[in-house]
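Chemist: Have a look at this one.
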Amino acid sequence: MRRFEYLRAASIDQAIERLSFDPGAKLLAGGTNLVDLMKYDVACPTTIIDINDLPLGDIKETSDGGLRIGALVTNSDLAFHPVIENRYPLLASAILAGASAQLRNAATVAGNLLQRTRCSYFYDVMTPCNKRTPGSGCPARNGLNRNHAILGASQDCVATHPSDMCVALAAIGTMIVVQGPNGARSISLADFHRLPGDTPEQDTTLRNNEIILGIELPPAPEFQRYSYLKIRDRLSYAFALVSAAALLTIDDGVISTAHVALGGVAHKPWRDTAAEVVLVGRPASRGNFHQFASMLLSRSEALSQNGFKIELARRTVVRALEQAASRTPQSQSDKRVH
Amino acid sequence: MEVRANTALHVTLTINGVERKASIEPCVTLLDLLREKFDLTGTKKGCDHGQCGACTVLINGKRINSCLVLAVSRDGSEITTIEGIGTANELHPLQDAFVRHDALQCGYCTPGQICSAIGLISEGKAKTRDEIREAMSGNLCRCGAYIGIVDAIEEVIAAPRRKTVR
Ligand SMILES: Cc1cc2nc3c(=O)[nH]c(=O)nc-3n(C[C@H](O)[C@H](O)[C@H](O)COP(=O)(O)OP(=O)(O)OC[C@H]3O[C@@H](n4cnc5c(N)ncnc54)[C@H](O)[C@@H]3O)c2cc1C
Ligand code: FES
Ligand code: FES
């Protein structure tokens, strides 16, 4: 690990100020991604600003009946919070599908949002990688790309975003509240993570001198049906090949709202609201779910090794929708897929 | 902002009930501090990247991978390592159950397994065998003693022998 200066921010403004004049500075939350990347010399901050003393650890109801969750709330505390368990079970389920109990105890909301890709070339500083070293090339495009993107990739980058939590947040529809030198702003989750294009070094639209204060969830509709289905090479403690977060409301067998997000398939959690509209007003049937999945994946493109993910994603979407519709969400401990 | 220098920083931790101080560089992980500075070598280094759980300790009662923690960032915390859990004469119920259920072979993963299981029990979420298996998935065992490990934890959750589990 390279040497760095360590500071402990006493206020949000201090952290922002330091970020503004020190381009080599990075914020430290749980450290489970940043410290790991520093050990590989993938991240080489010259200054670490520890934000763990900042007052960003609360979960509060908002005036519109939604929920405001502080950036430093740990993934475990969030998944086990009674309001999350009861009103946002999709989010609890997705968080518990990720990482391990130990990692979730350290990992925070903001750190999870900003975790970086697990592409093996990104992690290996001896190889080129446009995300790590802009302009150096993308060996994954024609190399080991079994885990890589099938949607929204570019010539320059085929990496995926590895988070489970963010897939649920995409389906729920979440705002990210951030603060910079000129005050606070909110970014919708759909606009927060970006597609790689020709600037894959930028994972998100967060500016270098901004700090995430927290996230805001909209009020949870009653009687919502959900499932988070994660498919991976081993049943636990592994990143998704493909995952699907499904939220449905159904009245008399007819779908009134459908929100579906995919993980493991793109540079960001993948959602297509235009395709979702097609499900509305139609019966919650397998045929309709298939048709929707085909629309959702209509622009998918296979690389040399990941063609299987297209069919896997189609089946995962259909199965997650069926699980949601029948009120039998995927269990994150009994791994049989029903 | 409290600006601290690049070189030695002071940390104070309460480790297994004893206050310990050290002067360390900020890049030192809690795992390396425990093993190299405090000679508490019960906590093991497997992968050093959060992928195996051998380094699991309890920080303020919660199980965490000490290899991904910068020690300076946890200044003031209470740490429990395997050295603070039971003694040869008075085993912790989990240690006792691990012995009886043959829940180890080489023993390298065991300190992390025990700390993780203590964390699991105090979380109070995992009850069934499937739930225990899932909640222990952050602890790998190269010897494959998983069946014994789950048996031991299941037994302690159902009926803690000897002293109560903390
Ligand atoms: C072995 C292993 C397996 C894993 N498996 C999974 C998995 O299956 N699914 C999954 O979803 N995740 C998985 N993870 C990733 C894990 O979820 C992330 O490491 C974690 O969420 C990061 O949170 P953190 O608080 O530790 O972030 P940190 O490492 O502290 O920070 C990550 C990034 O966020 C920035 N940051 C942190 N807080 C803020 C803030 N408030 N404002 C602005 N920037 C901020 C930091 O500067 C840094 O760039 C795994 C990790 C490991 C090591
Ligand atoms: S040494 Fe920390 S998880 Fe492997
Ligand atoms: S007992 Fe050998 S690694 Fe678990």
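The values are calculated or read from the model by the stated rules, or taken from the named source; none is laboratory data. Quantities reported herein were computed from a predicted structural model and do not represent experimental measurements. Cβ sites come from the backbone with ideal geometry, for glycine too, and all protein chains shown count toward neighbours.
Chemist: Which condition number in (1) touching a Phe, Trp or Tyr at 6+ places or on another chain (Cβ under 9 Å); (2) in contact (Cβ under 8 Å) with a residue 60 or more places away in the chain; (3) assigned to a strand (DSSP E or B) is the one that residue A:229 fails?
Modeler: The one condition residue A:229 does not meet is (1).
Chemist: Residue B:117: of a type outside the set (Ser, Thr, Tyr) and within 11 Å of another protein chain (Cβ to nearest Cβ), yes or no?
Modeler: Yes.
Chemist: Applying the selection to the stretch A:37-68, what residues are crowded, with 21+ Cβ neighbours inside 10 Å and either within 20 Å of residue A:209 (Cβ to Cβ) or touching a helix residue (DSSP H, G or I) at 6+ places or on another chain (Cβ under 6 Å) (or both)?
Modeler: A:48, A:49, A:50, A:51, A:54, A:56
Chemist: Mind checking which strands (runs of 3 or more DSSP E) fall wholly inside the stretch B:14-106 and carry at least 1 residues that are outside the structural domain of residue B:136 (by TED's automatic domain parsing) and within 16 Å of ligand 2 (Cβ to nearest atom)?
Modeler: B:56-59, B:62-65, B:78-80
Chemist: What is the residue count in the stretch A:85-102 for residues that are facing chain B (nearest Cβ under 10 Å) and either more than 16 Å from the chain's Cα centre (by Cα) or of a type in the set (Ser, Thr, Tyr) (or both)?
Modeler: The qualifying residues number 3.
Chemist: How many of the residues in the stretch B:134-152 are under 23 Å from residue B:67 (Cβ atoms) and either more than 16 Å from ligand 2 (Cβ to nearest atom) or at the interface with another protein chain (Cβ under 9 Å from one of its Cβ atoms) (or both)?
Modeler: Within the stretch B:134-152, residues that are under 23 Å from residue B:67 (Cβ atoms) and either more than 16 Å from ligand 2 (Cβ to nearest atom) or at the interface with another protein chain (Cβ under 9 Å from one of its Cβ atoms) (or both) number 11.
Chemist: When residue A:278 is evaluated against the numbered criteria (1) outside any loop (DSSP other than H, G, I, E, B); (2) touching a Ser or Thr at 6+ places or on another chain (Cβ under 6 Å), which criterion, by number, is the only one it fails?
Modeler: It is condition (2) that residue A:278 fails.
Chemist: Right, something else. What is the number of the single condition among (1) touching a residue at least 24 places away in the same chain (Cβ under 8 Å); (2) more than 8 Å from chain B (Cβ to nearest Cβ) that residue A:50 does not meet?
Modeler: (2)
Chemist: Please find, among A:128, A:139, A:82, A:134, the residue that is more than 16 Å from ligand 1 (Cβ to nearest atom), over 19 Å from residue A:164 (Cα atoms) and within 14 Å of chain B (Cβ to nearest Cβ).
Modeler: A:82
Chemist: Looking only at the stretch B:22-45, count how many residues are over 20 Å from residue A:3 (Cα atoms) and without any contact (Cβ under 8 Å) to a residue 12 or more places away in the chain.
Modeler: 3
Chemist: Next question. Output the residues belonging to the stretch B:40-99 that are hydrophobic (A, V, I, L, M, F, W, C) and under 15 Å from residue B:119 (Cα atoms). Steps first, answer last, please.
Modeler: Within the stretch B:40-99, the subset hydrophobic (A, V, I, L, M, F, W, C) is B:40, B:47, B:52, B:54-55, B:57-59, B:64, B:67-72, B:79, B:82, B:85, B:88, B:91, B:94, B:97-99.
B:54, B:55, B:57, B:58, B:59, B:64, B:79, B:82, B:85, B:94, listed by residue number.
Chemist: Now for a different question. Can you tell me which residue in the stretch A:125-161 is farthest from residue A:268 (Cα to Cα), limited to those that are free of Cβ contacts under 8 Å to residues at least 12 places away in the same chain and surrounded by fewer than 17 Cβ atoms within 10 Å (Cβ to Cβ)?
Modeler: So in the stretch A:125-161, the residues free of Cβ contacts under 8 Å to residues at least 12 places away in the same chain come out as A:126, A:128-129, A:133, A:135-137.
Retained after the next criterion (residues that are surrounded by fewer than 17 Cβ atoms within 10 Å (Cβ to Cβ)): A:126, A:128, A:133, A:135-137.
Details: A:126: 26, A:128: 22, A:133: 20, A:135: 21, A:136: 22, A:137: 20 Å.
Out of the qualifying residues, it is A:126.
Chemist: For the stretch B:58-72, give me each residue that is more than 16 Å from ligand 1 (Cβ to nearest atom) and within 9 Å of the chain's Cα centre (by Cα).
Modeler: B:58
Chemist: If a residue must be among the small types (Gly, Ala, Ser), farther than 13 Å from residue B:141 by Cβ and without any contact (Cβ under 8 Å) to a residue 60 or more places away in the chain, how many such residues does the stretch B:86-108 contain? Spell out the reasoning first.
Modeler: Step one: of the stretch B:86-108, the residues among the small types (Gly, Ala, Ser) are B:86, B:88, B:97, B:103, B:107.
Going one step further and asking which of them are farther than 13 Å from residue B:141 by Cβ, we end up with B:86, B:88, B:97.
From the residues that got through so far, the ones that are without any contact (Cβ under 8 Å) to a residue 60 or more places away in the chain too are B:86, B:88.
So the count comes out to 2.
Chemist: Answer yes or no as to whether residue B:155 is charged (D, E, K, R), at the interface with chain A (Cβ under 9 Å from one of its Cβ atoms) and either assigned to a helix (DSSP H, G or I) or within 16 Å of ligand 1 (Cβ to nearest atom) (or both).
Modeler: Here the answer is no, as residue B:155 does not meet what is asked.
Chemist: Can you say whether residue A:58 is closer than 21 Å to residue A:12 by Cα and among the acidic types (Asp, Glu), as far as the supplied structure shows?
Modeler: Yes: the conditions hold for residue A:58.
Chemist: Of these, A:234, A:207, which one is among the basic types (Lys, Arg), farther than 21 Å from residue A:312 by Cα and part of a loop (DSSP other than H, G, I, E, B)?
Modeler: Working: A:234 fails: farther than 21 Å from residue A:312 by Cα.
Step by step, each of A:234, A:207 is checked, and only A:207 is among the basic types (Lys, Arg), farther than 21 Å from residue A:312 by Cα and part of a loop (DSSP other than H, G, I, E, B).
Chemist: Specify which of the listed residues (B:29, B:43, B:56) is within 10 Å of another protein chain (Cβ to nearest Cβ), in contact with a Pro (Cβ under 9 Å, 6 or more places away or on another chain) and at pLDDT 95 or above.
Modeler: Exactly one residue qualifies, and that residue is B:56.
Condition check ((1) crowded, with 20+ Cβ neighbours inside 10 Å; (2) in a loop (DSSP other than H, G, I, E, B)) across all residues:
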position: A:219; (1), (2): no, yes
position: A:265; (1), (2): yes, yes
position: A:268; (1), (2): yes, yes
position: A:293; (1), (2): yes, no
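Chemist: Residues in the stretch A:15-33 that are facing chain B (nearest Cβ under 9 Å), crowded, with 18+ Cβ neighbours inside 10 Å and either under 21 Å from residue A:201 (Cα atoms) or not aliphatic (A, V, I, L, M) (or both): how many?
Modeler: Number of matching residues: 6.
Chemist: Report every pair of residues separated by at least 6 positions or lying on different chains whose Cβ atoms are under 9 Å apart, first residue within the stretch A:319-338 and over 24 Å from residue A:288 (Cα atoms) and within 14 Å of chain B (Cβ to nearest Cβ), second of a type in the set (Phe, Trp, Tyr) and outside any loop (DSSP other than H, G, I, E, B).
Modeler: A:332/A:228
Chemist: Looking at the stretch A:307-331 only, could you name the residues that are crowded, with 22+ Cβ neighbours inside 10 Å and part of a loop (DSSP other than H, G, I, E, B)?
Modeler: A:330
Chemist: Do we have residue B:15 as touching a Pro at 6+ places or on another chain (Cβ under 9 Å), buried (at least 17 other Cβ atoms within 10 Å of the Cβ) and at pLDDT 95 or above here? Outline the logic, then answer.
Modeler: Details: touching a Pro at 6+ places or on another chain (Cβ under 9 Å): no; buried (at least 17 other Cβ atoms within 10 Å of the Cβ): yes; at pLDDT 95 or above: yes.
The answer is no for residue B:15.
Chemist: While we're looking at this one, here's another question. More than 12 Å from chain B (Cβ to nearest Cβ) and either more than 24 Å from the chain's Cα centre (by Cα) or at pLDDT 95 or above (or both): is that true of residue A:70 in this structure?
Modeler: On the way: more than 12 Å from chain B (Cβ to nearest Cβ): yes; either more than 24 Å from the chain's Cα centre (by Cα) or at pLDDT 95 or above (or both): yes.
So residue A:70 fits the description; yes.
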